[in-house]
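The values are calculated or read from the model by the stated rules, or taken from the named source; none is laboratory data. The structure displayed is predicted, hence computed values, not measured ones. Heads up, the Cβs are rebuilt from the backbone with ideal geometry, glycines too, and the neighbour counts pull from every protein chain shown.
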Amino acid sequence: MIKESDHHDLESVVQQVTQNLELMTKRAAKAENQVTKLRQEVNLLQAQVSDFKRENEALRSEQGASLTVVKQNDDKMIKETSKG
């Protein structure tokens, strides 16, 4: 037969376990929210990286086109200078 003190001890243990479970549940929910926020941030950063890559490629393409024009102008100037 269970003594009253044993019963009280068991109730105390059950109460502690319940409190610990509630605390762990809150911590888990908080962690899940943090994970969700971090995933959203990762998605945003990945989109920004893609945008920056496209912008970089466009700038390189423009720079290459500009260098071609400069080279053509230089070639013309050299030809004109050598004529005169």
If we ask which residues in region 41-84 are over 30 Å from the mean Cα position of the chain (by Cα) and among the hydrophobic types (A, V, I, L, M, F, W, C), their number turns out to be 6
Filter result for the condition that a residue is aliphatic (A, V, I, L, M) and modelled with pLDDT under 95, over Ala58, Ala29 | Ala58
Residue in region 1-12 that is basic (Lys, Arg) and surrounded by fewer than 10 Cβ atoms within 10 Å (Cβ to Cβ) present = yes
